[in-house]
1. Which value does Rg/Rh take for segment 115-178 over its C-alpha atoms, Rh per Kirkwood?
2. With a sphere of radius 14 Å drawn around the Cβ of D45, what net charge do the other residues whose Cβ falls strictly inside it have (Lys, Arg +1; Asp, Glu -1)?
3. Using the Kirkwood formula on the Cα atoms of the chain, what hydrodynamic radius do you get, in angstrom to one decimal?
4. Round to the nearest 10 and give me the degree value, 0 to 90, for the angle of helix 160-174's Cα axis relative to the longest principal axis of the chain.
5. Per-residue HN-Hα couplings for segment 104-119, Karplus 6.51 cos²θ - 1.76 cosθ + 1.60 at θ = phi - 60°, whole Hz, x for Gly and Pro?
6. With n ≥ 4 as the cut-off for DSSP H runs, can you work out [θ] at 222 nm for the chain, using -39500 (n - 2.57) per run divided by the number of residues, rounded to the nearest 500?
7. Over the chain, what is the mean sequence separation of C-alpha contacts under 8 Å (at least six apart), divided by residue count, expressed as relative contact order in percent?
8. List H170, H76, H23 from most exposed to least, where exposure is judged by having the fewest other Cβ atoms within 10 Å.
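Derivation of every value follows stated rules applied to the coordinates shown; laboratory data play no part. Just so it is clear, the model here is predicted, and its values are computed rather than measured. Positions of Cβ are backbone-derived with ideal geometry, glycine not excepted, and every protein chain shown enters the neighbour counts.
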Amino acid sequence: MAGSVKKTAWRKRLAIALQICVHIGALLPLLWLFVAVNDGRLGGDPVKELIHYLGMGTLRLLLLTLLVSPFARALHFGQLNRLRRPLGLWCFTWATLHFSAWLALDLGLDWSLIGTELVKRTYILLGFSAWLILFALAITSLPALMRRMRKNWKKLHGLLYPVVLLACWHFWWSVKSGWIEPAIYFAIALVLLVWRRDSISRWFASLRSS
């Protein structure tokens, strides 16, 4: 009995430590980016590099988010699921910075040009769609809304699965030369989605039953 209590307490402390690591791991690259921008380390086209850096960070955080639940089940460590919320919120933060950098630095907040680009370039529309879904997921991560939505909360947050595909697709189509890197990320995403096929099946079943 005492041993199980100690084990539970240890796992709780480990889960808290991992949450802190998530926050540090997501924040430090942004701090480095701030220094890199001020020191002129982003090469000959800093705006392009900045937007790409933020987009890649978003994609990597999305893939990490997909890993949490399978690892929690495999390790019989349910406390790991506490990492999903901070990872999801950091995904939205990075995606918002990526989108904002494109709006402000690349297009200069020219709203007529922004509208034209959204209609003309499909990959931008894909990225914008992914951002809108992440926005909805971030807003509904507030505890009060989670309680109010109940079962509908899980249905909404199952949209993380298509968001990952939209993000990979956006990356693939945005690359003007070289397909190997986006193909690797797409393959990783597909492997993770197959790994989570039972959860995806339950999500689809919940949508059909509503």
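1. On the way: Rg = 14.5 Å, Rh = 13.0 Å.
Over the Cα atoms of segment 115-178, Rg/Rh equals 1.12.
2. Result for the local shell: +1.
3. 18.8
4. That works out to roughly 20 degrees.
5. 8, 8, 8, 10, x, 6, 7, 5, 5, 5, 4, x, 5, 5, 4, 7
6. Mean residue ellipticity at 222 nm (helix-derived): -27500 deg cm²/dmol.
7. Details: 156 pairs, mean separation 40.4, N = 210.
With pairs under 8 Å counted, the relative contact order is 19 percent.
8. On the way: H170 24, H76 8, H23 13.
Listing H170, H76, H23 from fewest to most nearby Cβ atoms yields H76, H23, H170.
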